[in-house]
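Here the structure is laid out as structure tokens; the discussion comes afterwards.
Values in this text are rule-based calculations from the coordinates and carry no lab data. Here the structure is a predicted model, which is why all the values come from computation and not from measurement. Backbone-built Cβ (ideal geometry, glycine too); neighbour counts: all protein chains shown.
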Ligand code: AMP
């Protein structure tokens, strides 16, 4: 364990170190930001947002094997711990919990897991079977281990955020779940640790995802099929982006909204660019005075 409050955050690698460091923070008000490392300004924004209203911020850095499929990018996922720690220091983090899998899963693969249920089978869940069960299982464990009162998550991973909210409500976790709008590069690309996989030409191609969302949102006054049509028109002009899905769904049920629908909806896209699977989404208001929303009005 090392570090001081004024300088680098305290780093805990083991449960014992976490327990000791956590005991030194006031019990009442601890926010957690859970990450897989390779931190960027999206993560830093979550931390800074938490910092504004909480006495203490804990960041977890953990590549959770349970949420990666056998053909996914666990082994090549970027690992940049020293730079991550510096970002945490700048953003005012008290404590970084950076365990290895054997610390989080001392008995190996947990036989008991959180089930995401039907909401975990659609969209991302369709391409990544078991992903959301693995994600919720580690989020539940990290909530218990850090004993947080609030947890901050990015709108960037909209389905993940929805499922974490549901888990906390359905299973009575005493944690306030807070969402933070997606942070983007100046050209619109949603920040992601996986963007480092993109070649310069992949990166150009990837811009079609956020451009499609913007085009869809610009048609929001005309209704759902106009939104879908406008977004799809951008994607078809970019054959190098292999689109997995483009949907306009109810943000609570993830079911396609019907043509008569007016109100808040989630416009979400996923696709492969080069070797990298990317996701992005935009909350939109459908109907009169419609357009992109920074965030949904109801959690
Ligand atoms: P990750 O390290 O990718 O698992 O992300 C950790 C947290 O940061 C999750 O709550 C993500 O939704 C959030 N996050 C990742 N990218 C962004 C972004 N571009 N803007 C806002 N939040 C983000």
Prolate/oblate/rounded label for the stretch 130-250 (Cα gyration tensor, a/c 1.5): prolate
In degrees, nearest ten, helix 158-170 long axis to first principal axis of the chain (Cα): 60 degrees
Ordering of 108-114, 163-169 by packing [mean C-beta count within 10 Å, highest first]: 163-169, 108-114
Kirkwood hydrodynamic radius over Cα pairs of the stretch 1-149, then Stokes diffusion coefficient at 4 °C and 1.567 mPa s, in µm²/s: 81 µm²/s
For the stretch 7-61: rounded, prolate or oblate by the Cα gyration tensor [a/c cutoff 1.5]: oblate
Helix 41-53 axis, angle to the chain major axis (alpha carbon atoms, nearest 10°): 60 degrees
Nitroxide proxy distance, nm - points 7 Å out along Cα→Cβ at residue 201 and residue 233: 2.8 nm
Rounded tilt (10° steps) of 81-91 against the dominant C-alpha axis of the chain: 90 degrees
Theoretical FRET efficiency, 1/(1+(r/R0)^6), r = Cβ-Cβ of residue 73 and residue 19, R0 41 Å, to 0.05: 0.80
Prolate/oblate/rounded label for the stretch 203-299 (Cα gyration tensor, a/c 1.5): prolate
Kirkwood Rh, Cα atoms: Rg over Rh of the chain: 0.97
Neighbour-count ranking [beta-carbon atoms within 10 angstrom, fewest first] of 71, 141: 71, 141
Value of [θ]222 nm, deg cm²/dmol, for the chain, DSSP H segments ≥ 4, -39500 (n - 2.57) each, nearest 500: -10500 deg cm²/dmol
Packing-based exposure ordering (other Cβ within 10 Å, fewest first) of 192, 225: 225, 192
Considering only the chain, percent of DSSP beta bridges that pair antiparallel, nearest 5: 55 percent
Rounded to whole Å, sorted largest first: equivalent-ellipsoid semi-axes of the stretch 75-164, Cα gyration tensor: 24, 17, 15
Where a label projected 7 Å from the Cα of residue 298 along Cα→Cβ would reach, residues of the stretch 261-290 with amide N under 14 Å: 262-266
Full-stretch length increase - residue 89, residue 252 - with 0.36 nm per residue and alpha-carbon distance subtracted: 55.1 nm
Nitroxide proxy distance, nm - points 7 Å out along Cα→Cβ at residue 82 and residue 122: 4.6 nm
Residue exposure sequence - 97, 68 - by fewest surrounding Cβ within 10 Å: 68, 97
